[in-house]
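Bear in mind these aren't lab numbers, they're just calculated from the coordinates by the rules spelled out. Since we're looking at a predicted model, the values are computed, not measured. Don't worry about glycine lacking a Cβ; one is built from the backbone with ideal geometry, like all the others, and counts go over all protein chains shown.
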Amino acid sequence: MAFRRAAGLVCGLAGGSAVVVWAEWRGYLGEDRGESWRSKAPITAALSALHAAHPATQPAGLPVYSSGSGWDSNWDRRDPSTMLSPRRKESSGEENSTEVENNKPRATRHIFLIRHSQYNLNGNGDRERTLTPLGREQAELLGQRLADLGLKYDVMIHSSMARATETASIISRYLPGVEMVSCDLLREGAPIEPVPPVTHWKPEAVYHEDGARIEAAFRRYIHRADPKQKEDSYEIIVCHANVIRYFVCRALQFPPEGWLRMGLNNGSITWLTIRPSGRVALRALGDSGFMPPDKLTRT
């Protein structure tokens, strides 16, 4: 009779949580409450089959196990506890604690990754691949959006390629006083061979050449704040879709081979926040909602 009741619940419910709770309450999965093990065995088998069919279903209060490898808290190699000098490592615990405390970041970094605006794809080389009239209009809308956020930007770093430099120059009209810095590491390229592979896109550059440069850019710009930084910072990086997508995957500790699965509009904003603890949050990915629909492009 008990088995028929359990079987009825198994057949009547799509999930297994209620069945497990009911069975435990009745004692069919726990200690003997007057019924033989043989009477419980069919119920246990039925519940095992149910869990096999619904592996994601978990009873309330039971742990849910992740299939990932977990979060590497020292992903940027700036965890204060790992930065002790060799001399300090051999000293007393109190001295170590003091050095760790002194090396703890206090500020949060907000990094705005900006994709350049639409540009002339038919240009002969980088110098001729400047922004189209629509691209310049996109950059104007982008500059206005960044200004409207009302944030105190610390610096604007841009790729040295023509389309990124021109985009940054237009943005700067809306952010007077913000320092502009050009960087070759941020130039467009193929960061890593994408998975799944694609047949319609064959990068001119070699993955291991571009990948090393783009990884170097990631390590230079994407990390927690320096311990000397006292206030939260807001930094703008104007670069390219491949670079931004790779940065996002690396910062969130997602498989970097998945970078090509994301799409970014021209002139869009991707917002990363890096806490003093090293925790990273993606606050926006490819935001272009501030542009009218007829101004949106992805070239």
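Report the relative contact order of the range 109-295, percent, no decimals, based on alpha-carbon pairs under 8 angstrom and at least 6 residues apart.
The normalised contact order for the range 109-295 reaches 32 percent.
Nothing charged except the Cβ atoms of Lys and Arg (+1) and of Asp and Glu (-1): what's the magnitude of the dipole of the range 147-299 about its Cα centre? Round to the nearest 20 debye.
340 debye
Please work out how much length the chain gains when fully extended from T299 to H208, using 0.36 nm per residue of separation minus the C-alpha to C-alpha distance, in nm with one decimal.
30.3 nm
With the cut-off at 15 Å, report for the range 211-299 the share of all Cα pairs above it, as a whole percent.
62 percent
Order of 186-197, 264-275, 126-137 by packing, highest average Cβ count within 10 Å first?
264-275, 186-197, 126-137
May I have the convex hull volume per residue, in Å³, for the Cα set of the range 109-295?
Hull volume normalised by residue count: 123 Å³.
Local charge sum around R187 (other residues, Cβ-Cβ under 9 Å, Lys/Arg +1, Asp/Glu -1)?
Once positives and negatives cancel, what remains is -3.
Below 12 angstrom from the Cβ of T273, what's the summed charge of the other residues (Lys, Arg +1; Asp, Glu -1)?
+3
Give the residue list of trypsin sites (Lys or Arg not before Pro) in the range 223-253 that are DSSP loop and have at most 11 other beta-carbon atoms within 10 angstrom.
K228, K230
Restrict the search to the range 223-293; then list the GluC sites (Glu not before Pro) that DSSP places in a loop and that have at most 13 other Cβ atoms within 10 Å of their Cβ.
E231
When only DSSP loop residues count, what chymotrypsin sites (Phe, Trp or Tyr not before Pro) in the range 195-255 have their Cβ near at most 11 other Cβ atoms within 10 Å?
For chymotrypsin sites (Phe, Trp or Tyr not before Pro) across the range 195-255 that sit outside H, G, I, E and B with at most 11 neighbouring Cβ atoms in 10 Å, the list reads W201.
Among K152/K228; K152/K295; K104/K230, which pairs are too far apart, with a Cα-Cα distance over 22 Å?
K152/K295
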